[in-house]
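Inspection log for the structure reproduced underneath, given as structure tokens.
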Amino acid sequence: MRSSKAQPSSRSTDRRYSARYLILIYRETRPHFDPLEIQRLVAREQGKCTIVRQADSNYLAFVDFAGKRFQTRNLGLFDIQGYRPKWIHVTSSPWRNLEKMMAQGHVLWNGISPRPQKQPSPRKRGPGKEPASSGPWELVGSATNEASLQELLQKEMDSEQSKAPELPLDCVPLVGGETEMARNVQYWQDGYRAGYKAAILNIHQPMANSSLSTIDPPGADSQLFVSNDCDSDGAESACRSQSAFPGDILGEVSQLDWNLELEDVWNQQVV
């Protein structure tokens, strides 16, 4: 007679964990709980983890065992200070689960690198089709014989001729408004015009006492030859203008009226 007591199956007693990704959940922890202890336990098993703290003193840890399948029967392997976490197997979409977990709280430890983005594989080109790239050298290199090369060159020439012609420089519309170059040219023109007015005005002014001039001692013979033609008023002013030193011109620049126009300078009568 068979016993009516059911025998437990071997599958129900098999508490072995075998997977690459794992999520650990520590619930209702106390203030003295150290979440970084999770990282130390995971590193001891050759794995990496990202730890997130929730507002209600719960901790979530996403564990990646570095590309290999981790197997163990010891479910107390990641117990910390008497807290046994809940093990959740991640069988599909691990990176999506990681992003959702990180959005649920504050990240305390991020030991897992971002998800690598896969590059799209190049599409295969069927026979008789043009290459996907439009580079001129790649087009030339993709030709298999002389006929295909001539066909590619003809298509390239047709595409170049179909493009809109560039406008010549004479037909390019001018930029409206004042440009930076125009302002710089106007600034230098004003400066040269003011300097020219100052030089002309200084020539017509009488020579003032200059700091560069020297006084001969009494009885000393003058080494400068003075012409007798300077007796008249006009000749005297001409002689004075010829005997002026460069220092006189620089000394008089600060006394000029910069608002004078060029026509006023020429018409000004010096008394």
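What follows is calculated from the coordinates using simple rules that are stated; it is not laboratory data. Here the structure is a predicted model, which means the values were calculated and not measured. Cβ sites come from the backbone with ideal geometry, for glycine too, and all protein chains shown count toward neighbours.
Working ranking of peptides 143-151, 55-63 by packing, defined as the average number of other Cβ atoms within 10 Å per residue, highest first, is 55-63, 143-151. Using the Cα gyration tensor of segment 15-110, with a ≥ b ≥ c the square roots of its eigenvalues, what is the shape: rounded (a/c below 1.5), prolate (a/b larger than b/c) or oblate (neither)? Oblate shape, in that a/c is at least 1.5 and b/c is the bigger or equal ratio. Overall, the anisotropy analysis places segment 44-93 in the oblate class: the square-rooted eigenvalues a ≥ b ≥ c of its C-alpha gyration tensor yield a/c not less than 1.5, with a/b not exceeding b/c. Along the axis of the charge dipole computed for segment 15-110 (Cβ charges of +1 for Lys and Arg, -1 for Asp and Glu, origin at the Cα centre), the listed residues HIS89, MET102, SER18 are led at the positive end by SER18.
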